[in-house]
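Q: First, the structure itself, so that you have it in front of you.
Computed from the coordinates by the stated procedures, all read-outs in this text should not be read as laboratory data. A quick note: this is a predicted structure, and the numbers were derived from the prediction, not measured. Don't worry about glycine lacking a Cβ; one is built from the backbone with ideal geometry, like all the others, and counts go over all protein chains shown.
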Amino acid sequence: MNQLQRGGPQRIPRPDNWTPGNPAPWLHATDVDLDTLERRLLTRTSGHQLTGAPPPKRHSAVLIALYSDPEPTVVLTRRTQQMRAHSGEVSFPGGGQDPGESLWDTACREAREEIQLDTALARRIGELDHLTTVSSQARIVPYVARLSQPPSMTANPDEVDEILLVSLSELLLPEVYREERWQWPGSNQQRPIYFFDLFGDTVWGATANLLRQLLVTALGLPEHEK
């Protein structure tokens with residue numbers, strides 16, 4: 001992977017009839033404050049985004065872990081090529097719910113298993129919109145957590161190719177974010193698909209959707225496009 005060039009080898013199943021989408025809603029923003037994000041999450045009502053997916057077959061959760069070192073940073077992972085679903089894609093630590101556990105416990109367990117995150121450092125500060133993915137038919141509950149200090153982490157080689165520590169200010173750069181409009185087979189409507197081009201990786205799909213939600217919440221911008 002070329003770590004000096006934005007964008008990565010992730011497979012994007014772009015339809016032929018896609019069109020460019022709207023510009024970033026944060027054109028003049030340069031940074032994010034975690035205290036402000038936490039306050040805004042307290043008053044945010046999480047919804048459930050209808051993405052054209054069928055009813056979910058299982059429930060899952062992801063952990064959006066944030067810390068300051070010194071600027072606000074989010075923890076992402078690149079999945080290994082051997083994973084059965086979403087191989088090679090950039091995602092948050094997370095996975096399917098086990099019997100008898102809460103979805104918050106699911107998110108924390110998966111973070112421990114995937115990147116050996118000490119979840120005793122994690123304080124839950126809110127949720128983003130729940131999503132249902134088309135490919136895995138999983139309902140995803142995204143929990144936002146604030147870490148009390150920069151974590152020490154180790155990737156589980158069976159699941160994670162690399163741990164990516166990305167500053168939120170990088171995600172706000174004009175050359176990083178973009179939007180496309182896709183029309184799915186059997187539908188007459190286009191819907192927005194979001195992308196963040198990091199050095200060596202392209203974040204898209206549900207993960208990019210959640211990153212966008214995180215940023216617009218932190219900046220006090222409208223949640224949904226007109």
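Here's the yes/no breakdown for (1) within 15 Å of the chain's Cα centre (by Cα); (2) among the hydrophobic types (A, V, I, L, M, F, W, C):
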residue	(1), (2)
D98	no, no
S102	no, no
A107	yes, yes
A111	yes, yes
E114	no, no
A122	no, yes
I125	no, yes
L131	yes, yes
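Q: On to the next question. Can you tell me which residue in segment 20-41 is nearest to L214 (Cα to Cα), limited to those that are surrounded by 11 or more Cβ atoms within 10 Å (Cβ to Cβ) and polar (S, T, N, Q)?
A: Per the stated criteria, the residue is T36.
Q: Here is a follow-up. Filter segment 171-210 for residues that are within 13 Å of L76 (Cα to Cα), without any contact (Cβ under 8 Å) to a residue 40 or more places away in the chain and not in a strand (DSSP E or B) and give the result.
A: Passing the criteria: only A208.
For (1) touching an Asp or Glu at 6+ places or on another chain (Cβ under 9 Å); (2) surrounded by fewer than 21 Cβ atoms within 10 Å (Cβ to Cβ); (3) closer than 11 Å to H59 by Cα, each residue gets a yes or a no:
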{"site": "P99", "(1), (2), (3)": "no, yes, yes"}
{"site": "W104", "(1), (2), (3)": "no, yes, no"}
{"site": "R109", "(1), (2), (3)": "yes, yes, no"}
{"site": "E114", "(1), (2), (3)": "yes, no, no"}
{"site": "L117", "(1), (2), (3)": "no, no, no"}
{"site": "I125", "(1), (2), (3)": "yes, yes, no"}
{"site": "D129", "(1), (2), (3)": "yes, yes, no"}
{"site": "A138", "(1), (2), (3)": "no, no, yes"}
